[in-house]
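Structure first, then comments.
The values are calculated or read from the model by the stated rules, or taken from the named source; none is laboratory data. What you are looking at is a predicted structure, and each value in this text was computed from that prediction instead of being measured. Cβ: placed from backbone, ideal geometry, glycine included. Neighbour counts: every protein chain shown.
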């Protein structure tokens, strides 16, 4: 009988040792290069960060990158090396140079928040393609166009007052869930011309899956960026309903927007949407990248999804923190309510946005809220291009506060640190709206130069005017009608910030009670 024997292969002990030695030597030589020979080796920072990105990735995974970067600034100064090829800085003139003058392209980090596996404006890395994208939606966020949506915003806000009146004194509500549903309605109406009814569902005790998906998506993106694809695909198979909903947040939003694209196109073809009442989606459906190239549906869907997330989740987070500050600062509330009582004699009559824009203390309160509790405090990464200019002449490196950064270097600042510079904002950890009212002209100019809650430069958030409209209206109406009380357990520990590009409380909830004013 024939017998088959599987050949055996053996690797000698010497070959294994040689491979191990070669690997150790490579790691050692690479570390020596990064520590002593790299063009970035002269930049201050922890030695272990210069050798590997792993150290910083661990802080990203722990959702504490912002605080870690701020601690490095305190230890090493305004320019710090935080990776083999990454440098962070805290300086207003350099912010202008990187983000406005030279308009450096973004890094691949932003791909982690792609929607529907496709780019939108925020994830478009290069400046020129982004500028083309921006033209498709910028008119939607012009002040005169946003004013057209005020009646609907006021309708939603009156529903908010009624709901808070009906539950007053009964039980605290999680503001993160409440306002995510509220702003989902506002954004879906503005962007899609569609009445979703998310807030009414919440008021009846039912969560809207779209609102939940919008809240999940940024955290999903950050986790997805640090977990290998094979591992991500594996963990998303875990048979837990809430976890599967988290993993499917992108899919849920894509299905909703795809349906709205079909409906809106049909309405436009039937002549049911006029130019004076265009929601964002109808504008995108008519957009062209050039005279011969229309915006494809794939781009329309991903763009609309990006605006839905940016407009809902960030405003929800900031407003929840604003109201938490009101729950523990009666001195601030007294000033705010005195101003609003005069501006709103009838507490249920919502003023036009042009009136709210002129209220000094309301706007100082919101500015201070965005300084301390801006929802996007994280690193805004850019890449040094192959050539820049220095003193009007071409240069192969970029001068960052005296340090020459070679092409390909990742450079970034973060609003968290710019907003907490004690030389610009005395007592930076104190919530103090009055600082915006009583600063000298020079002080105010410095504060404005460091103020970047919506980003900065040519890539600033396109929807910031809508966000400010919603925050002014909502803060004014709530402060005019209610006293706010923090629930037991809603304190500095539970509200300790965590960051996954966007910020959120450590407890992932913000429970407050709303008591009608007498």
Q.
Against the definition (touching a strand residue (DSSP E or B) at 6+ places or on another chain (Cβ under 9 Å), under 30 Å from residue 77 (Cα atoms) and modelled with pLDDT of 95 or more), how does residue 433 come out, yes or no?
A. no
Q | Among residues of segment 490-518, those that are in a loop (DSSP other than H, G, I, E, B) and over 30 Å from residue 414 (Cα atoms), counted | A | 2
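Residue by residue, here is whether (1) farther than 30 Å from residue 280 by Cβ; (2) buried (at least 24 other Cβ atoms within 10 Å of the Cβ); (3) in contact (Cβ under 8 Å) with a residue 60 or more places away in the chain; (4) in contact with a helix residue (DSSP H, G or I) (Cβ under 9 Å, 6 or more places away or on another chain) holds:
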position	(1), (2), (3), (4)
307	no, yes, yes, yes
311	no, yes, yes, yes
317	no, yes, yes, yes
320	no, yes, yes, yes
331	yes, no, no, no
338	yes, no, no, yes
348	no, no, yes, yes
(Q) Looking only at segment 98-110, how many residues end up being in contact (Cβ under 8 Å) with a residue 24 or more places away in the chain, part of a helix (DSSP H, G or I) and more than 30 Å from residue 248 (Cβ to Cβ)? (A) 3
Q. Identify, please: which residue in segment 445-466 is touching a strand residue (DSSP E or B) at 6+ places or on another chain (Cβ under 9 Å) and assigned to a helix (DSSP H, G or I) and is, among those, farthest from residue 140 (Cα to Cα)?
A. 459
Q: Check every one of the helices (runs of 4 or more DSSP H) wholly within segment 30-81 and list those with 2 or more residues that are over 29 Å from residue 92 (Cβ atoms).
A: 47-51, 54-61
**Q.** Counted residues, segment 398-430 - those being under 12 Å from residue 39 (Cβ atoms) and free of Cβ contacts under 8 Å to residues at least 60 places away in the same chain
**A.** 1
Q.
I'd like to verify a number: residues in segment 99-113 that are surrounded by 19 or more Cβ atoms within 10 Å (Cβ to Cβ) and farther than 15 Å from residue 387 by Cβ, how many?
A. 5
Q: Give me a count of the residues in segment 402-430 that are surrounded by 15 or more Cβ atoms within 10 Å (Cβ to Cβ) and either part of a loop (DSSP other than H, G, I, E, B) or at pLDDT below 95 (or both).
A: 8
Q: Can you give me the number of residues within segment 111-126 that are at pLDDT below 95 and either assigned to a helix (DSSP H, G or I) or under 17 Å from residue 352 (Cα atoms) (or both)?
A: 3
Q) Can you find a residue in segment 227-245 that is touching a residue at least 40 places away in the same chain (Cβ under 8 Å) and over 23 Å from residue 378 (Cβ atoms)? A) no
**Q.** Breaking point among (1) surrounded by 20 or more Cβ atoms within 10 Å (Cβ to Cβ); (2) part of a helix (DSSP H, G or I), for residue 442
**A.** (1)
Q.
Out of the residues in segment 232-275 meeting the condition of being in a loop (DSSP other than H, G, I, E, B) and touching a helix residue (DSSP H, G or I) at 6+ places or on another chain (Cβ under 8 Å), tell me which one is surrounded by the fewest Cβ atoms within 10 Å (Cβ to Cβ).
A. 238
Q: Count, please, the residues in segment 287-300 that happen to be in a helix (DSSP H, G or I) and either within 18 Å of residue 139 (Cα to Cα) or out of contact with any helix residue (DSSP H, G or I) (no Cβ under 7 Å at 6 or more places or on another chain) (or both).
A: 3
